[in-house]
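To start, the structure under review is shown below, and the notes come after it.
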Amino acid sequence: MDSFLEDYEEAPAVVVGGKRRRRRRRRSPATQAALQPLLHLPFLPPQPVSSNEHKSNFKKSKEACLSYIQDALLQKQWKRAAEFLTCYVESLEKDYSREHIGPSEMIWRIGTEILWHHSQSRMKEFSCFMEQMKTLGVKRYLKVCLEHVFHLLCNGQIDEAYQNLSLAESWRFGEQTAIQDKEIKLIQAYRGLLDYCSWSKQKKILLEHGEDGFADLAVEQEMHSYFRKAAVNLKEIIKIPGVWDVFVKCYVDLLEFYGEYNEARQVLNEYAYNSKFPANPNAHVYLYQFLKRQGESKKSLLSALKILHDIVPSHELMIDFNTMLQKSKKRKKRQLGLEVIFAALDYAGWKENAKAWSCLARQVKQIVISEKHLDWIKQEWSSRKDWWPDFHFSRYLAKRNWQENKSLSHEKALVAGILLGKGRIFFFFFHFIEQK
């Protein structure tokens, strides 16, 4: 606001030491709210003004109003933000005949945010608002449709969401139809996703009831109908470079169920290795999981995990990667296994991962006992000796680990004894507690 109310008000005067003094007392939040003016926007003055001056005043008025809306949103004052937005829209309507201004996207995004959080907002009002936004700007028609669908899904209105997707898919508006081709693909993809959900429900019914003659035949036919509709739309979206995890997973599930393993493999390879697609760790996770389900060779599995390690060395599958590498007869792969587990433990999320510490403890113990490849340990430790002691082996962690997970303490104590020496804090403290 351009004027501010003071938080204090004058209290009755009191006499102190022969002098009259006035006390100031803090107003209650309710009093402040009551005294605060409802809305005070710098709208255009009523007197006649020139065209240029009108444009300048209108621009200032609009910017001030948007500033108030932003402030209300940041303070989560949804009711007040709604009031400001109403005034903003009304001011635009008054000036619309003089100059065409296209703030439809701003109104759509702000209004959506307000309605999503407003305590008195209902799905009926939200849907009404969305329908108005669809007619306000054809350039964003399909984006508004998608957001409407997301809100319907969040409120469990699956059938209404599907109906909205079907209507959006059939939308045509001259050149705007071709311009919004990607949005059309997304609309179709989400419709395919809902078809997949229906297919999945029918599959569950079929698997639970087993063989039941004609009933099973009807379910299978309905399943196949959903499969065809879902597969067509999901297949199209994943041809476009992008991150389509949910669509890829659903499409692969459909293909695997009907035994189309080669096509499923081709889809996952394309998603993981096509340079046109953005780097995506999940693409390699899905490929690895598929190869594992299909009983593929160890070489194929290691190849998929190696790329995942290069992208996300802290991924949870690094335990599997390390385990597979340690079983290898090749020296380079066992060394890589040590690098993998050390790299994983560099991250805070792994600090108390008992499996990871067990893997590291087992490997360094084997190396020390065999007295071979001690240089592997030295090489990994050289870049970590300045910060791992405080990061992993502090007195505080020793005590907490012992209280919460004794198995973890054993593994960490073994590693600390090898890396730091038996005289260092963690190893000594652990054995001191154990003897007590």
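The values are calculated or read from the model by the stated rules, or taken from the named source; none is laboratory data. Here the structure is a predicted model, which is why all the values come from computation and not from measurement. Cβ atoms come from the backbone with ideal geometry, glycine included; neighbour counts cover every protein chain shown. With ligands, DNA and RNA removed, areas are computed over all heavy atoms of the protein, side chains included. Shrake-Rupley method; radii C 1.70, N 1.55, O 1.52, S 1.80 Å.
Among the residues in segment 277-288, are any farther than 30 Å from I237 by Cα, surrounded by fewer than 16 Cβ atoms within 10 Å (Cβ to Cβ) and either in contact (Cβ under 8 Å) with a residue 40 or more places away in the chain or not small (G, A, S) (or both)? No, the conditions are met nowhere in segment 277-288. Considering segment 57-88 alone, what residues qualify as being among the basic types (K, R) and either on the phi > 0 side of the Ramachandran plot or modelled with pLDDT of 75 or more (or both)? Hits for segment 57-88 are K76, K79, R80.
Filter segment 288-334 down to residues that are aromatic (F, W, Y) and over 22 Å from D253 (Cβ atoms), then give me how many there are.
To start, the set of residues in segment 288-334 that are aromatic (F, W, Y) comprises 288, 290, 321.
Checking the rest, the ones that are also over 22 Å from D253 (Cβ atoms) come to 321.
Matching residues across segment 288-334 total 1.
Tell me, please, whether a residue that is crowded, with 16+ Cβ neighbours inside 10 Å and of a type in the set (D, E) can be found in segment 403-410. There is no residue in segment 403-410 that is crowded, with 16+ Cβ neighbours inside 10 Å and of a type in the set (D, E). Of the residues in segment 191-200, at least one is modelled with pLDDT of 95 or more, touching a Lys or Arg at 6+ places or on another chain (Cβ under 6 Å), crowded, with 21+ Cβ neighbours inside 10 Å and at negative phi. Return a yes/no flag: does segment 99-113 have any residue that is within 24 Å of the chain's Cα centre (by Cα), modelled with pLDDT of 70 or more and β-branched (V, I, T). For segment 99-113, residues within 24 Å of the chain's Cα centre (by Cα), modelled with pLDDT of 70 or more and β-branched (V, I, T): present. Of the residues making up segment 228-259, those that are within 23 Å of Q180 (Cβ to Cβ), open to solvent by 60 Å² or more (accessible area, probe 1.4 Å) and in a helix (DSSP H, G or I) are K229, V232, K235, E236, V246. Those residues that are charged (D, E, K, R) and closer than 18 Å to K330 by Cβ, I need them from segment 370-388; list them, please. Correct list: K372, D375.
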